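Enquirer: My questions will all concern the structure given below.
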């Protein structure tokens, strides 16, 4: 009986972590990623939250509070080229972007989100 409870406890830990990982990866197109170079700690960097990162990419989708960008590698986070959705700090920034437009942007990590602070 103790053995069964121990097995169930371990299984519950693994099953409980799956939705968290899935939620963090929402909006990311990972088909072209080289996983050996990836920091797989939930896409978080070892750097301090709030550090400004810079990227260049092509807008693939503009939503009410988010913009999806297929960006080039982000060296400061050791990220390869990928497509992901970013929240914007100010919704007015969305007026500067359009689908298929190449943009340069700056962003910070706030909790588990990556927030664009400037976009040109």
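The values are calculated or read from the model by the stated rules, or taken from the named source; none is laboratory data. From a predicted model like this one, the values you see are computed outputs, not experimental measurements. Note: ideal-geometry Cβ built from the backbone for every residue, glycine included; neighbour counts use all protein chains shown.
Matching residues to (1) in contact with a strand residue (DSSP E or B) (Cβ under 6 Å, 6 or more places away or on another chain); (2) at positive phi; (3) not in a strand (DSSP E or B):
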residue: 76; (1), (2), (3): yes, no, yes
residue: 84; (1), (2), (3): no, no, no
residue: 87; (1), (2), (3): yes, no, no
residue: 93; (1), (2), (3): yes, no, yes
residue: 103; (1), (2), (3): yes, no, no
residue: 108; (1), (2), (3): yes, no, no
residue: 115; (1), (2), (3): yes, no, no
residue: 118; (1), (2), (3): yes, no, no
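Enquirer: Just the residues that are touching a helix residue (DSSP H, G or I) at 6+ places or on another chain (Cβ under 8 Å) and at pLDDT 95 or above, please, taken from the range 38-62.
Expert: Of the range 38-62, the ones touching a helix residue (DSSP H, G or I) at 6+ places or on another chain (Cβ under 8 Å) are 39, 42-43, 45, 47, 51, 53-54, 62.
The answer is 53, 54, 62.
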